[in-house]
1. Enumerate the helices in the chain for which the Kyte-Doolittle hydropathy averages -1.0 or more and the C-alpha atoms extend at least 18 Å along the helix's axis, using complete DSSP H runs.
2. Mean projection of the alpha-carbon convex hull of segment 21-172 over all orientations, in nm²?
3. Compute the distribution of all C-alpha to C-alpha distances in segment 11-67, in bins of 10 Å from 0, and list the percent of pairs in each, rounded to whole numbers.
4. Would you mind calculating the relative contact order of segment 32-174 from Cα pairs under 8 angstrom and at least 6 residues apart, reporting the percent as a whole number?
5. First select every other residue whose beta carbon is under 12 angstrom from the beta carbon of Leu156; then total the charges, Lys and Arg +1, Asp and Glu -1.
6. Which one of Arg31, Arg110, Arg62 has the biggest mean-square fluctuation once the chain is modelled by GNM with Cα springs under 10 Å?
7. Trypsin sites (Lys or Arg not before Pro) within segment 72-103: which are DSSP loop residues with at most 12 other Cβ atoms inside 10 Å?
8. Could you list His65, His81 so that the one with the fewest beta carbons within 10 Å of its beta carbon is first and the one with the most is last?
Amino acid sequence: MQNLARAARVSPATLYIYFKHRDDLLFQIYREQLDLMTEEVCRGFDPDGPFEAGLRVQWKNRVQHALNHPLEARFLGQVHHSPYYFLFRDRLPQTFSDTMRRFAMNAIARKELRPMPPEIFWSLVYAPLYQLIRFSQQEAGFFRSGSGTAQPKFQLTDETLEQALQCVLRAIRP
């Protein structure tokens, strides 16, 4: 907190007016960014609608959020994969996870999605998307050609997104 106050050119006491301690500061930033991400990801999304259409909206919204807010999206990912996530999780409303759960359960009931544990669902449905986003954010191509030169930078287009989405859908449909 001392270093942060110095960098912000404010008194450390000023920070403590707004935040109880460092973890409270991190939680408030996390909550603000999570609220923004949730709002953007859920724009135009109907958890009661057809699974494929809902997943397409989710993917496009998640791409837009990650590309429009790269540092914030990276911050959310870092917290999610750290011990802080378990400290923060119980202090957050369940609205987003309840909506995603309802989306998946509706799809299972309509036989648009195979039943599976939530961890497998998230791994199959969203991990490929976030890997494509990471590839698109790299300065150069990830893979090298046979001659050892870097491939051109990966472009995440509507066509590549749709191609990946169709592969995912084939893997998870009954």
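Here, each number is a calculation from the coordinates, and none is a lab measurement. Source: prediction; values computed, not measured. A quick note on method: Cβ atoms are made from the backbone with ideal geometry, for glycine too, and the neighbour counts reach across all protein chains shown.
1. Result, helices passing both filters: 22-41, 51-68, 95-109, 158-172.
2. The orientation-averaged projected area of the Cα hull of segment 21-172 comes to 10.6 nm².
3. Pairs per bin, as whole percents: 22, 33, 20, 17, 7, 1.
4. Details: 99 pairs, mean separation 32.2, N = 143.
Averaging sequence separation for qualifying contacts and normalising by length gives 23 percent for segment 32-174.
5. Net of charged neighbours comes to +1.
6. Result for the chain, Cα springs under 10 Å: Arg110 fluctuates most.
7. For trypsin sites (Lys or Arg not before Pro) across segment 72-103 that sit outside H, G, I, E and B with at most 12 neighbouring Cβ atoms in 10 Å, the list reads Arg91.
8. Exposure proxy ranking, most exposed first: His81, His65.
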